[in-house]
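The values are calculated or read from the model by the stated rules, or taken from the named source; none is laboratory data. Predicted model only: the values in this text are computed from it and were never measured. Here the Cβ positions follow ideal geometry from the backbone for every residue, glycine too, while neighbour counts run over all protein chains shown. The protein model used for the area step is the full one, side chains on, heavy atoms only, and it has no ligands, DNA or RNA in it. Shrake-Rupley method; radii C 1.70, N 1.55, O 1.52, S 1.80 Å.
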Amino acid sequence: MTEDTVDLQLFVLVDSSLVEHQLCLVGSSDVLGRWCPENALQLSPCSSTPPHISSSTIRLPKEALEEPGVVECKLVAAGLTRGGHGKGPSMTWQWEQGQNRRLKCEVGGKAFCVFGSSAHCAVSGFRALALEARCDFTVPGDELVVVGSSSTALGAWQPLSGCWLSTRPSTFPYWSGTVLLEANETDIAWKLVVVRADGSFVWEDGKDRQLLLPEVGSSKGLQAWKANAAFGCTEESSTVLSLDLPAQQSLDLCFAGQQKSGVIPRDLSTISSVSTCSSLSLCFTPGGESEMHSPGRESDSSDPDEDFTSPWLWAGSSILGKTCGRCEDAFFIRRRALGVADGVGSIGSFSRHGVDSAAFSSEIMQIAGEAMSTASHSDVAPELRAVEAVSIAEREVTSYGAATMTVLELQQDYAGVANLGDSGFMVIRPPRVTGSQYEVIARSREQQHSFNYPYQLARLPTSLLKRVQKGAIFDTADDCDLYSVNVEVGDLVLLFTDGFSDNLFTEEILDIVERVSNRHRPRISTNRPTRGDFARLPEPRSISQELAVAAQQKSLDPTAKVPFTEAAQQSGKLHEGGKDDDITVLAAWIMPAGQ
């Protein structure tokens with residue numbers, strides 16, 4: 001450490017389900033990767049048994065911390081998942097939910113926090129409790145919860161507010177979870193409860209379990225405990241795990257709160273990727289080489305994502321979460337295909353039934369992206385290829401949830417699109433001659449059953465299907481609107497979720513695209529474009545970011561006039577100001593063959 005830097009020690013408590021993941025800290029500074037998880041700071045595990053804690057030292061310039069909270073960050077868990085459709089394993093990035101964290105510190109600061117929780121404190125004055133339970137009579141859709149007398153950690157005997165344990169096929173019937181207990185919580189009564197998929201509770205029989213813990217002295221470091229139990233048995237054992245974590249109170253690592261200006265966009269500009277607000281999946285070949293692409297890379301003509309013998313898409317992206325709640329948008333980018341999905345958040349109240357629209361939208365994008373990665377055939381129209389990708393996603397998705405969806409494929413001088421719901425696309429043609437204007441040559445229309453009730457793919461568990469009115473018909477891939485657009489090299493393609501289109505008018509979108517483009521002064525000639533024409537095009541991620549940020553600013557303005565307000569008025573509804581929602585924008589230039 002030099003006089004110009006500050007070292008911060010961070011200890012992070014993670015759930016057993018993330019033990020096999022690499023924990024990283026990503027944020028707004030260079031040392032934290034500038035919101036790029038591949039460049040984030042990696043944390044090292046401190047223990048091989050529960051409670052699982054990882055740690056690292058963060059070295060930052062002093063000037064970066066002169067203003068409290070100026071460095072924002074999030075925890076990310078990286079892991080490998082098995083690929084599909086002939087692909088190798090995929091690297092997945094699981095972002096913790098909630099607002100960005102902010103760093104405040106002094107020299108020599110240390111702190112402890114929990115992955116995915118706003119809990120934070122100095123490493124003295126509290127304890128970590130790892131819970132492991134055996135329960136073998138649950139069925140898919142059920143959850144195992146620990147409830148007890150602790151109001152902060154165990155929900156004060158309310159099952160829906162307790163500590164929800166997790167399991168995996170490889171560890172079932174063992175469930176695990178970790179909580180933080182306050183220093184004054186020394187005598188804790190608790191029990192196990194099964195939360196059924198239909199919302200009912202099954203409490204274990206017998207007397208309450210008791211956990212007696214010694215007081216935490218001011219000179220002690222972190223006290224880590226582990227409690228084991230089997231559902232229905234009153235015997236349990238607890239053992240102290242002594243971890244040498246010094247007691248310091250200099251670092252305050254907390255969530256940013258509700259400041260709307262504190263939302264940080266995460267730019268994801270890889271050409272071959274799948275992403276959500278909370279997770280980014282990067283495809284890897286069996287040999288370990290990433291299939292992320294950038295313009296100019298040497299290609300293998302056997303791979304459609306590496307074939308430059310016909311026009312292709314130079315794409316970038318920006319995805320911003322709403323101010324409250326989980327982000328449920330997702331997207332994929334291929335060399336000649338794009339896709340976006342918007343998870344329906346209104347069914348989030350059924351999470352106890354296994355419904356997770358964020359996971360649903362992420363999975364259908366993963367499936368559709370893999371379907372579009374196969375080589376296209378000129379005898380199959382691109383819009384038919386796009387709707388087939390939607391159909392495959394509909395058939396193969398395993399998550400429960402609902403989402404709107406848009407998929408686009410480029411074939412030579414045609415773009416084919418399949419659209420279901422109120423996500424959509426737009427093709428913008430730059431001016432070809434001096435004095436002409438940017439113009440929209442094609443745009444999708446929204447599919448709505450009624451105001452703010454879009455068409456959507458859905459998959460629901462049996463416990464919810466029983467509540468659906470008999471004769472109800474769900475939207476399917478067959479309900480997609482199909483588009484075939486004659487495009488030209490140099491056209492700009494936008495794909496977006498409704499958080500974007502509900503907050504910006506077409507004229508505003510064109511103004512932003514023109515402003516960004518004019519910084520590079522591009523000019524696509526009316527005859528044969530030259531290599532220099534395309535060298536002066538602005539990076540697509542700069543366009544997507546400015547569009548997304550502009551939409552977000554309007555969404556948070558209580559006095560803004562936006563398209564959603566007009567649509568509400570036309571439907572006899574009252575809505576003032578912008579619409580706070582997840583915002584995803586993909587921007588892609590149509591590039592010439594061989595460029």
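Within the stretch 197-211, the set of residues being open to solvent by 60 Å² or more (accessible area, probe 1.4 Å), under 30 Å from residue 461 (Cβ atoms) and touching a strand residue (DSSP E or B) at 6+ places or on another chain (Cβ under 8 Å) comprises 201, 203.
Could you tell me which residue of the stretch 187-196 is modelled with the lowest pLDDT, considering only residues that are open to solvent by less than 40 Å² (accessible area, probe 1.4 Å) and farther than 11 Å from residue 160 by Cα?
188
Exactly one residue among 179, 145 is in a strand (DSSP E or B), at pLDDT 80 or above and open to solvent by less than 20 Å² (accessible area, probe 1.4 Å), and that residue is 145.
Of (1) open to solvent by 10 Å² or more (accessible area, probe 1.4 Å); (2) touching a Phe, Trp or Tyr at 6+ places or on another chain (Cβ under 9 Å); (3) over 18 Å from residue 496 (Cβ atoms), residue 465 satisfies all except one. Which? Tallying (1) open to solvent by 10 Å² or more (accessible area, probe 1.4 Å); (2) touching a Phe, Trp or Tyr at 6+ places or on another chain (Cβ under 9 Å); (3) over 18 Å from residue 496 (Cβ atoms), residue 465 fails exactly one: (2). Considering only residues of the stretch 369-379 that are of a type in the set (A, V, I, L, M) and at pLDDT 90 or above, which is surrounded by the fewest Cβ atoms within 10 Å (Cβ to Cβ)? So, considering only residues that are of a type in the set (A, V, I, L, M) and at pLDDT 90 or above, the one surrounded by the fewest Cβ atoms within 10 Å (Cβ to Cβ) is 371.
One residue stands out among those in the stretch 328-358 that are among the aliphatic types (A, V, I, L, M) and assigned to a strand (DSSP E or B): the one that is surrounded by the most Cβ atoms within 10 Å (Cβ to Cβ), which is 330.
For the stretch 161-204, a residue qualifies if it is out of contact with any Phe, Trp or Tyr (no Cβ under 8 Å at 6 or more places or on another chain), charged (D, E, K, R) and within 23 Å of residue 151 (Cβ to Cβ), and the qualifying residues are 185, 187.
The criterion of at least 1 residues that are more than 27 Å from the chain's Cα centre (by Cα) and farther than 23 Å from residue 567 by Cβ is met by the following strands (runs of 3 or more DSSP E) wholly inside the stretch 395-492: 401-411, 414-420, 424-429, 439-443, 481-486.
Taken across the stretch 39-59, residues that are of a type in the set (D, E, K, R), open to solvent by 30 Å² or more (accessible area, probe 1.4 Å), under 17 Å from the mean Cα position of the chain (by Cα) and modelled with pLDDT under 75 do not occur at all.
Residue under question is residue 325, and the condition is that it be over 18 Å from residue 495 (Cα atoms), among the small types (Gly, Ala, Ser) and not in a helix (DSSP H, G or I); does it hold? The answer is yes for residue 325.
Within the stretch 359-387, if we keep just the residues that are without any contact (Cβ under 8 Å) to a residue 60 or more places away in the chain and part of a helix (DSSP H, G or I), the residue that is farthest from the chain's Cα centre (by Cα) turns out to be 385. Is it true that some residue in the stretch 533-548 is at pLDDT 90 or above and either outside any helix (DSSP H, G or I) or of a type in the set (Phe, Trp, Tyr) (or both)? For the stretch 533-548, residues at pLDDT 90 or above and either outside any helix (DSSP H, G or I) or of a type in the set (Phe, Trp, Tyr) (or both): absent. Can you name the residue in the stretch 158-176 that is touching a strand residue (DSSP E or B) at 6+ places or on another chain (Cβ under 7 Å) and open to solvent by 80 Å² or more (accessible area, probe 1.4 Å) and, of all such residues, is nearest to residue 461 (Cα to Cα)? Restricting to residues being touching a strand residue (DSSP E or B) at 6+ places or on another chain (Cβ under 7 Å) and open to solvent by 80 Å² or more (accessible area, probe 1.4 Å), the top hit is 164. Any idea which residue in the stretch 549-562 is farthest from the chain's Cα centre (by Cα), counting only those that are of a type outside the set (A, V, I, L, M) and buried (at least 19 other Cβ atoms within 10 Å of the Cβ)? The qualifying residue farthest from the chain's Cα centre (by Cα) is 554. Tallying residues that are surrounded by fewer than 24 Cβ atoms within 10 Å (Cβ to Cβ) and within 13 Å of residue 485 (Cβ to Cβ) within the stretch 380-423 yields 6.
Checking the structure you have, find out if any residue of the stretch 343-352 is closer than 24 Å to residue 414 by Cα, among the β-branched types (Val, Ile, Thr), in contact with a Ser or Thr (Cβ under 6 Å, 6 or more places away or on another chain) and touching a residue at least 12 places away in the same chain (Cβ under 8 Å). Scanning the stretch 343-352, I find no residue that is closer than 24 Å to residue 414 by Cα, among the β-branched types (Val, Ile, Thr), in contact with a Ser or Thr (Cβ under 6 Å, 6 or more places away or on another chain) and touching a residue at least 12 places away in the same chain (Cβ under 8 Å), so the answer is no.
Among all positions in the stretch 504-515, there is at least one residue which is under 23 Å from residue 450 (Cα atoms) and either at pLDDT below 85 or open to solvent by less than 10 Å² (accessible area, probe 1.4 Å) (or both). Residues in the stretch 305-327 that are open to solvent by 20 Å² or more (accessible area, probe 1.4 Å) and among the charged types (D, E, K, R): 307, 322, 326.
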